[in-house]
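One structure below.
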Amino acid sequence: MKALPEDTPLGVRVTFEVEPNPVLNSVIIEGAEVFPETETQRIFSDQYGETLNLKVFEGGVEEVNQWYQDNGYVLGQVIGAPQVDDDGTVTLEVAEGEIKEIQVRFVDAEGETVDEEGNPIEGRTREYIITREIELKPGDIFQRQTAEKDIRRVFGLGIFEDVRLGLEPAPDDPNTAVIIVNVVEKSTGSLAFGGGVSSASGLFGTVSYQQQNIGGNNQKLGGEFQVGERLVLADVSFTDPWVGGDDHRLSYTVNAFRRRAISVIFDSDDDNDQRDVDLPNGDNPRVIRTGGGVSFTRPFIPNPFVDPQWTASLGLKYERVEIQDSDGEVEPRDELGNKLTADDSGKDDLLTIQFGIVNDRRNNPRQPTSGSLLRFGTEQSIPVGSGEIAMNRLRGNFSYFIPVNFTKFADGPEALAFNLQAGHIVGDLPPYEAFPLGGTNTVRGYDEGSVAAGRTFVLGTVEYRFPVFKFLGGALFVDAATVFDSQSSVIGNPGGVREKPGDGIGYGAGIRVQSPLGPIRIDYAINDEGDTRFHFGIGERF
């Protein structure tokens, strides 16, 4: 509208010319990368063909802004007034929050960026270790849900006390953003002392050391020394959880170890078991394993920011295996003259190539209530050194979880959990490599290893898991396993000469106490021979 004054003999005449807005024909969103054209049509199509009403049109602009907020593009908005052309085209300019740069800032626990002397706080961690965990990149549009996942990944490295994300406008372009990743580093070296009791190892004590961030590269060095009633263990390992330059999170671990254990293949963990066969001097056989290896693990993922369903591993391991008495003397045979190693010397060399693959579809790795987990592995030994063992071990493990709602004792998930395991060994089979059945992780209600020591096995378990209180859960279970009369095909027949039955069933109930380490598992089980036993462990059995 405009006013046109005109002089007349009687004074000034003012004429107001009113020109209506054009008919709205189209809306163009300028600067949009993530805002879809279909949304433009949905929001404004009802106004097409009508005279443009700017008050009504403003409601559409608010819907555009709301779409950005609802979809996590929290920086996205319409900037400036609409531009109206005579042909009925309206142009809206948007700034969606393009990321200009990503910076890492090391801060202290109070959030300060400088120390007491005013110097910037320098971190030990190399910046690329942090930025490679961030999916958002310069040129992307900032998206809240993606940013939250990025923060969780950085925090999940385990080397920071706190991780926070900040946003600042870019100095040269206020319509773009600079992401600031503020991290508070924590001490990554630890020395721990502990002890406990295990169904398999009896009383034990441990000393362990771990450094989680060697050279600022998130590489881990660990060492452990454990002494127990049935086990003495020394182990050192180095792990790189993500090899630099790889796009698929390839990792590797190198370790060396020495393990001295009273094996459940030769000796039950029950001191009163009359079926145990000892060495000629009356000692229990000790299996000494000394060696080391390297293994590589790679998830099958299109990019490093996707949770993998399939993961594969490949490794090489060497072990020198000896059978000794309590004084460290090598003993190749037991008191009945049965061989305890493949070689008559009582010493074997075992060099194996290992391959494994895992398919994980569980909804929660710690407490699954739905989905499945499949593991398959094979080991092929190379016949070199003492014993010249040529052996291939095949093993599979499948778990399936079904959510149920039976008891309603307390708020929390209930599930039926099914597990089926099977294995077979082809070729030479030293007795210490046989499949042991019985105990906490196989057939509960039996002593560790007292069911069988076989070449072939099948193990099945059904569990009903339910909450009792907020921090306490319960379980009912049945375990059953057999080695299909394969004990006699093991060198020295350690299961047969010790009168292990070869199959067994166990059933019972247990409780699960929630802890930072995972559920502490306490089970009471009865086996098919009428014996009872308590079993202890950390984490669910499968």
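The values are calculated or read from the model by the stated rules, or taken from the named source; none is laboratory data. Note that the coordinates shown come from a computational prediction; the quantities given were computed from them, not determined experimentally. So basically every Cβ, Gly included, is an ideal-geometry build from the backbone, and we count neighbours across all protein chains shown.
In region 72-85 there is no residue that is in a strand (DSSP E or B) and of a type in the set (Phe, Trp, Tyr).
Can we say GLY196 is in contact with a Phe, Trp or Tyr (Cβ under 7 Å, 6 or more places away or on another chain), assigned to a strand (DSSP E or B) and closer than 27 Å to THR442 by Cβ? Yes: the conditions hold for GLY196. Does ALA147 qualify as being more than 29 Å from GLN210 (Cα to Cα), in contact with a Ser or Thr (Cβ under 9 Å, 6 or more places away or on another chain) and not assigned by TED's automatic domain parsing to the domain that holds SER26? No. Test TYR432 against the criterion of being part of a strand (DSSP E or B) and hydroxyl-bearing (Ser, Thr, Tyr), and give yes or no. No, not satisfied. The residues listed here are LEU167, LEU157, LEU191; of these, the one that is more than 19 Å from ARG105 (Cβ to Cβ) and either touching a residue at least 12 places away in the same chain (Cβ under 8 Å) or not assigned by TED's automatic domain parsing to the domain that holds ASN441 (or both) is LEU191. Residue count for region 477-512, restricted to those that are in a strand (DSSP E or B) and either without any contact (Cβ under 8 Å) to a residue 12 or more places away in the chain or of a type outside the set (Val, Ile, Thr) (or both): 12. Across region 58-94, the qualifying residues are those that are in contact with a Ser or Thr (Cβ under 8 Å, 6 or more places away or on another chain) and small (Gly, Ala, Ser), and the one among them that is surrounded by the fewest Cβ atoms within 10 Å (Cβ to Cβ) is GLY72. Scanning region 311-340 for residues that are touching a Gly at 6+ places or on another chain (Cβ under 7 Å), closer than 20 Å to VAL490 by Cα and not acidic (Asp, Glu) returns ARG320, ILE323, PRO332, ASN338, LYS339, LEU340. Consider region 532-542 and keep the residues that are within 25 Å of SER372 (Cβ to Cβ) and among the hydrophobic types (A, V, I, L, M, F, W, C). The one that is surrounded by the most Cβ atoms within 10 Å (Cβ to Cβ) is PHE542. Inside region 301-328, residues that are more than 13 Å from the chain's Cα centre (by Cα), surrounded by 14 or more Cβ atoms within 10 Å (Cβ to Cβ) and either in a loop (DSSP other than H, G, I, E, B) or without any contact (Cβ under 8 Å) to a residue 24 or more places away in the chain (or both) make up a count of 4.
All conditions in (1) assigned to a strand (DSSP E or B); (2) out of contact with any Asp or Glu (no Cβ under 9 Å at 6 or more places or on another chain); (3) small (Gly, Ala, Ser); (4) buried (at least 23 other Cβ atoms within 10 Å of the Cβ) hold for GLY474, with the sole exception of (4).
Looking across region 95-104, the residues that are under 30 Å from ASP162 (Cα atoms) and surrounded by 15 or more Cβ atoms within 10 Å (Cβ to Cβ) come down to GLU96, GLY97, GLU98, ILE99, LYS100, ILE102, VAL104.
Need a quick list: strands (runs of 3 or more DSSP E) entirely within region 1-57 having at least 1 residues that are surrounded by 14 or more Cβ atoms within 10 Å (Cβ to Cβ). Qualifying strands (runs of 3 or more DSSP E): 26-30.
Let's see how each residue does on (1) touching a strand residue (DSSP E or B) at 6+ places or on another chain (Cβ under 7 Å); (2) at pLDDT 95 or above:
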{"site": "VAL497", "(1), (2)": "no, no"}
{"site": "GLY506", "(1), (2)": "yes, yes"}
{"site": "GLY510", "(1), (2)": "yes, yes"}
{"site": "SER515", "(1), (2)": "no, no"}
{"site": "PRO519", "(1), (2)": "yes, no"}
{"site": "ILE526", "(1), (2)": "yes, yes"}
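Can you pull out the residues in region 216-227 that are closer than 20 Å to GLU161 by Cβ and free of Cβ contacts under 8 Å to residues at least 40 places away in the same chain? Across region 216-227, the qualifying residues are GLN219, LYS220. Does any residue in region 371-398 that is touching a residue at least 12 places away in the same chain (Cβ under 8 Å) and assigned to a strand (DSSP E or B) come within less than 6 Å, Cβ to Cβ, of a residue that is of a type in the set (Asp, Glu) and surrounded by 15 or more Cβ atoms within 10 Å (Cβ to Cβ) six or more places away or on a different chain, and which pairs are these? Close Cβ pairs (under 6 Å, with a partner that is of a type in the set (Asp, Glu) and surrounded by 15 or more Cβ atoms within 10 Å (Cβ to Cβ)) amount to LEU373/ASP360; MET391/ASP428; ARG393/GLU379. Taking the listed residues GLU448, GLU529, GLU499, GLU433, the one that is surrounded by fewer than 22 Cβ atoms within 10 Å (Cβ to Cβ), of a type outside the set (S, T, N, Q) and closer than 30 Å to ALA342 by Cα is GLU499, with no other qualifying.
Listed by first and then second residue, the pairs linking a residue in region 1-24 that is of a type in the set (Gly, Ala, Ser) to a residue that is assigned to a strand (DSSP E or B), with Cβ atoms under 6 Å apart and 6 or more places separating them unless they lie on different chains, are ALA3/VAL14; ALA3/PHE16.
Residue-by-condition table, conditions (1) assigned to a strand (DSSP E or B); (2) assigned by TED's automatic domain parsing to the domain that holds PHE160; (3) of a type in the set (Lys, Arg):
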| site | (1), (2), (3) |
| --- | --- |
| GLY216 | no, no, no |
| GLY223 | yes, no, no |
| VAL232 | yes, no, no |
| ASP235 | yes, no, no |
| THR239 | yes, no, no |
| VAL243 | no, no, no |
| ASP246 | no, no, no |
| ASN255 | yes, no, no |
| ARG260 | yes, no, yes |
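For (1) at pLDDT below 95; (2) on the phi < 0 side of the Ramachandran plot; (3) surrounded by 19 or more Cβ atoms within 10 Å (Cβ to Cβ), each residue gets a yes or a no:
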site	(1), (2), (3)
ILE129	no, yes, yes
ILE134	no, yes, yes
ARG144	no, yes, no
ARG153	no, yes, no
LEU165	yes, yes, no
PRO169	yes, yes, no
ASP172	yes, yes, no
ILE180	no, yes, no
GLY202	yes, no, no
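Is there a residue being modelled with pLDDT of 95 or more and among the hydrophobic types (A, V, I, L, M, F, W, C) anywhere in region 261-278? Looking for residues that are modelled with pLDDT of 95 or more and among the hydrophobic types (A, V, I, L, M, F, W, C), one finds none in region 261-278, hence no.
Taking THR125 as the residue in question, decide whether it is among the hydroxyl-bearing types (Ser, Thr, Tyr) and in a loop (DSSP other than H, G, I, E, B). When the stated conditions are applied, THR125 passes them.
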